[in-house]
Amino acid sequence: MEKFEVYYGLPAEIKFCKKCVISNQRPNATNELRYSPQVKKQSTFIGKDGICDACKYNDMKNNVFDWVKRGKMLQKI
């Protein structure tokens, strides 16, 4: 078992996103008062395509949503 797994609960195999180069060892926000070395931390997920969830969401946000239409809807409210 790797040191990172034992002490920090992070994935032992380091992967990087092909788009933004974020590491899969970047932990998600957690309540540190409840942390213990035995608990696996949730970390950035990088899919089989090598792209992290944050980049996939950003692509969807920029290419799927019609922001002009949503802005007009907001103005009507």
| request: Pairs only if they're at least six apart or on different chains, beta carbon under 7 angstrom, first in region 33-54 and over 23 Å from CYS20 (Cβ atoms) and hydrophobic (A, V, I, L, M, F, W, C), second surrounded by 16 or more Cβ atoms within 10 Å (Cβ to Cβ) and modelled with pLDDT under 70; list them, first residue then second. | output: VAL39/GLY9
| said: I'd like to check something: does region 32-45 contain any residue that is at pLDDT 90 or above, part of a loop (DSSP other than H, G, I, E, B) and surrounded by 10 or more Cβ atoms within 10 Å (Cβ to Cβ)? | reply: no
| Number of the condition not met by PHE65 [criteria: (1) modelled with pLDDT under 90; (2) outside any loop (DSSP other than H, G, I, E, B)] | (2)
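The values are calculated or read from the model by the stated rules, or taken from the named source; none is laboratory data. Computed from a prediction, not measured in an experiment: that's the story for all the values here. Reconstructed Cβ throughout: ideal geometry from the backbone, glycine too, with neighbour counts over all protein chains shown.
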